[in-house]
1. Along each of its three principal axes, how wide is the spread of alpha-carbon positions in segment 345-429, in whole angstrom units, largest first?
2. If you wrap a convex hull around the alpha carbons of segment 273-359, what volume per residue comes out, as a whole number of Å³?
3. Taking θ = phi - 60°, what integer Hz values does the Karplus form 6.51 cos²θ - 1.76 cosθ + 1.60 yield along segment 376-393, in sequence order, with x for Gly and Pro?
4. Which of the listed residues, PRO285, ALA308, ALA386, is farthest toward the dipole's positive end in segment 238-426, when Lys, Arg count +1 and Asp, Glu count -1 at the beta-carbon?
5. Would you please classify the overall shape of segment 3-222 from the alpha carbon gyration tensor, given that a ≥ b ≥ c denote the square roots of the eigenvalues, rounded means a/c under 1.5, and beyond that prolate means a/b larger than b/c while oblate covers the rest?
6. Let's see if you can work this out: charge +1 on each Lys and Arg Cβ, -1 on each Asp and Glu Cβ, no other charges. What is the dipole magnitude of segment 3-222 about its Cα centre, in debye to the nearest 20?
7. Compute the separation of the alpha-carbon centres of segment 26-99 and segment 139-177 and state it in Å as a whole number.
8. So what is the relative contact order for the chain, in percent, with contacts set as C-alpha pairs under 8 Å and at least six apart?
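Bear in mind these aren't lab numbers, they're just calculated from the coordinates by the rules spelled out. Everything numeric here is computed off the predicted structure, so don't read it as measured data. Virtual Cβ from ideal backbone geometry, glycine too; neighbours counted across all protein chains shown.
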Amino acid sequence: MTRFCPALMMTAPASHQGKTTLTAGLARFHRGQGRRVRVFKVGPDFLDPYILERASGAPVESLDLWMTGEDDCRARLYQAAGEADLILVEGSMGLFDGTPSSADLAERFDLPLVAVIDAAGMAQTFGAVALGLASLRPQLRFHGMLANQVAGQRHADMLCEGLPPFIPYSGYIARQDDIGLPERHLGLVQAQEIDDLEARLDRAARQMATTGLAKLPPAIPFPPAALPAMPPLLAGRHIAVARDAAFSFLYPANLQCLRDLGATLTFFSPLADEAPQACDALYLPGGYPELHLQALAANRVCAAALAAHVAAGKPLYAECGGMLYLFEHLTDQHGQRAAMLGLLPGEATLGRRLAALGLQQIELDGQRLRGHTFHYSTLATSLTVAARATRAVGGTAGEAFYRQGNVRASYLHAWFPSNPLATSRLFLD
């Protein structure tokens, strides 16, 4: 049965326009009105979803026509439409940026759009930007244009003067430094590190209450779709997952995929020098080990437990930051160098420029697993490359996949539901 639910995609002409802050503010506002809000994020992202989860009170999942796939997107949206009073989708980068883009996803599911436009230093040209967004692909459906960083009512009036009358206007957000979200080299600062996050979200919600978005948008249809059943490939397996401020880049769908495959999950903190529970396999996700060099270098209990696990020949799978933790040394952007676990030969160094970014897929034992890469570090190692990913656009060579014994590691952040069989093999002997 088709489900109907109010829904909006929050987009922008570029990154750094404030769409995460305002999407979070809108989610917090409607949640405060007693509504159930489900938020999704377009494209691969670990940082924005944690902010949006705090704002909405519900897990935030990813939608991407290539990485997660159209069928997966459709099923997750359909499921949310049966649970929520409002669905919000935060776009990635600018509306038309990337292949596939936020516009591609909005068109595929007929999601109404709200464009957040940073109007600082702009007046009537606001209308030209809005017109360009609205007219480049006429099949897209715009619910409104939202001006951000507005100096006051006079400024808002000038913005409206340049807006063609047939383009819907959702109001403006006044310039207010204490609702913005701090950033670092991989994006937003993690939600758990922003001490006043709740206050910022509440202030953003109060701002959104003054806009036309305070009223629910019209409901749109979501046709029936279901996620595929998972085979019990990991039945009876216990996987211990590192999870703390240094290792937090975890898709909720990845964890659910492991559970649906039959695995039992427990969590431990390398930063707190915790040993994982006795387990069949370990998962070290990406994160920010470079921000915690001394704490990670000083831990003994966790390091000994991970070394014993590897010595016993049990599987360990590590992604990006989790992989860096396995090598002998890690040097941060300031030149500070520290010893890591030394379970793999080599060392990594953080640079000041992006080293790799984009969607990629890798073939492991004849099975393709999709994901993405995003890192500033470079690696020097004597390890032999066991396999190499290819880029989604162009098909050129991407990230290396390493295997030493039952240790498997790569810069690639895998999307586990893209291939449950390939995923299960990462955690099997």
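1. Computed over the Cα atoms, the extents are 37, 31, 18 Å.
2. 100 Å³
3. Karplus-based 3J(HN,Hα) across segment 376-393 equals 9, 8, 10, 10, 10, 8, 8, 4, 7, 6, 7, 7, 9, 6, 10, 6, 4, 9 Hz.
4. Looking along the dipole axis, the top candidate is ALA386.
5. Details: a/c = 1.43, a/b = 1.14, b/c = 1.25.
Rounded shape, in that the Cα axes give a/c under 1.5.
6. On the way: 21 positive and 26 negative charges, 133 e Å.
Taking the Cα centre of segment 3-222 as origin, the dipole is about 640 debye.
7. Going from one Cα centre to the other spans 24 Å.
8. Details: 989 pairs, mean separation 60.8, N = 429.
Relative contact order of the chain: 14 percent.
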